[in-house]
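The values are calculated or read from the model by the stated rules, or taken from the named source; none is laboratory data. Note that the structure is a prediction, hence the values are computed from the model and not measured. Reconstructed Cβ throughout: ideal geometry from the backbone, glycine too, with neighbour counts over all protein chains shown.
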């Protein structure tokens, strides 16, 4: 059987596996094992254990459970509620100020957790009921939280960037820095759309003449200031060359856990166990996907499937921007069905030689890929954030939530176009702080 026929067979079987609902890690491992035995015989089994282990034999992976623990410690505390209230007191006079406050809280909470579901759940539990209580339309209240939650994988520290950096051997520090400006740009686009929509509708969430005093505004800051200080400290240690991502993540996780205990009194054994349990569950899931994705990638390479695909694209002589459009469409469709971690680990090793051969910056492409993953998080049929929000507000129809996310999906697509026209938005800051190509 030719490599192209083998590739088509692998593609069909992989899609069927993903659509079947089988856990991604077990499905990828089973497919890799089956095709290696089918086309190379039982002798291929000898390399499976070594390949699986090599997928985890990477010191950088230590950063993943540490950043997950940061998110678990903060997500288990009322930090999201305090952050949301602080921003609301400062932005209440802006049209749609409550929605803008939620989006701002999502952006800051993203920097604290690096996780989209955690960000969506933490801010949504407080924000959605409050917005609905004040009369905001259900589609705006739910759609904005869905969109704001996606910022968790773009604004650093981001587990998505760590996975991409490991899969492509791209500097994780550069990726983190590259996500800052696009993350702020996307947050601003979300806010501008929201302000315009609320202003056009003439809706007011506060009574005429309502005011927060300066004392009330400043009272909300002290509880969240230490957590923000940790984020800035982690970022400085990473970008200033003080520590590696793993070391910075370890210190950040320890400090977030300590502050959660001291500020929010989370010292009961059951509360500590809840944080450790969530950390272990998500970390093991991610690490297992990494190991099986490495095995899956080994199978693709051993059968010359990735080489054949790359050569076919090279021989087609597509314009580089047509090629990028095809890759974006491919990632967009994948994001509708497959979790971001699985997409990154499965596709990055295949796409990297193609984009570098076309002259694209791997760091810039990491940002483009991540925004595509964000779209998948708020777009059916998978749309993880949609179902998290629906669990928070079960009386709001899922279709209402989906329609509420559509303007924000368009904002993300527009952001991809802007980044394609002006790639310096993603590459300028890492080049300025770390030097070109370092």
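Within the bounds of the range 44-51, is there any residue that is over 25 Å from residue 118 (Cβ atoms) and within 26 Å of the chain's Cα centre (by Cα)? Please lay out each step first, then the result.
Step one: of the range 44-51, the residues over 25 Å from residue 118 (Cβ atoms) are 44-51.
With the extra rule that they be within 26 Å of the chain's Cα centre (by Cα), the set shrinks to none.
No.
Is it fair to say residue 405 is without any contact (Cβ under 8 Å) to a residue 12 or more places away in the chain and either buried (at least 23 other Cβ atoms within 10 Å of the Cβ) or closer than 20 Å to residue 137 by Cβ (or both)? Break it down stepwise before answering.
Working: without any contact (Cβ under 8 Å) to a residue 12 or more places away in the chain: no; either buried (at least 23 other Cβ atoms within 10 Å of the Cβ) or closer than 20 Å to residue 137 by Cβ (or both): yes.
Spelling it out, it is not the case that residue 405 is without any contact (Cβ under 8 Å) to a residue 12 or more places away in the chain and either buried (at least 23 other Cβ atoms within 10 Å of the Cβ) or closer than 20 Å to residue 137 by Cβ (or both).
Of all residues in the range 259-285 being surrounded by fewer than 19 Cβ atoms within 10 Å (Cβ to Cβ) and under 27 Å from residue 167 (Cβ atoms), which is modelled with the highest pLDDT? Applying the filter and picking the extreme gives 280.
Can we say residue 226 is modelled with pLDDT of 75 or more, closer than 29 Å to residue 71 by Cβ and loosely packed, with under 12 Cβ neighbours inside 10 Å? No.
Conditions (1) closer than 25 Å to residue 346 by Cα; (2) modelled with pLDDT under 75, marked per residue:
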{"position": "257", "(1), (2)": "no, no"}
{"position": "287", "(1), (2)": "yes, no"}
{"position": "291", "(1), (2)": "yes, no"}
{"position": "317", "(1), (2)": "yes, yes"}
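Scanning the range 263-272 for residues that are assigned to a helix (DSSP H, G or I) and over 29 Å from the mean Cα position of the chain (by Cα) yields one hit, 269.
Okay, residues lined up against (1) part of a helix (DSSP H, G or I); (2) over 13 Å from the mean Cα position of the chain (by Cα):
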site	(1), (2)
149	yes, no
155	no, no
160	yes, no
165	yes, yes
177	yes, yes
181	yes, yes
184	yes, yes
187	yes, yes
190	yes, yes
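Considering the range 336-368, and only residues there that are modelled with pLDDT of 80 or more and not in a helix (DSSP H, G or I), the residue that is surrounded by the fewest Cβ atoms within 10 Å (Cβ to Cβ) turns out to be 359. Applying the condition of being at pLDDT 70 or above and over 17 Å from residue 40 (Cα atoms) to the range 1-18 and asking which residue is farthest from the chain's Cα centre (by Cα) yields 8.
Candidates are the residues of the range 369-394 that are in contact with a helix residue (DSSP H, G or I) (Cβ under 9 Å, 6 or more places away or on another chain) and in a loop (DSSP other than H, G, I, E, B); the one that is farthest from residue 320 (Cα to Cα) is 393. Taking the criterion of being without any contact (Cβ under 8 Å) to a residue 40 or more places away in the chain and either in a helix (DSSP H, G or I) or crowded, with 19+ Cβ neighbours inside 10 Å (or both), the residues of the range 28-68 that qualify are 30, 34, 37, 38, 42, 43, 45, 46, 49, 50.
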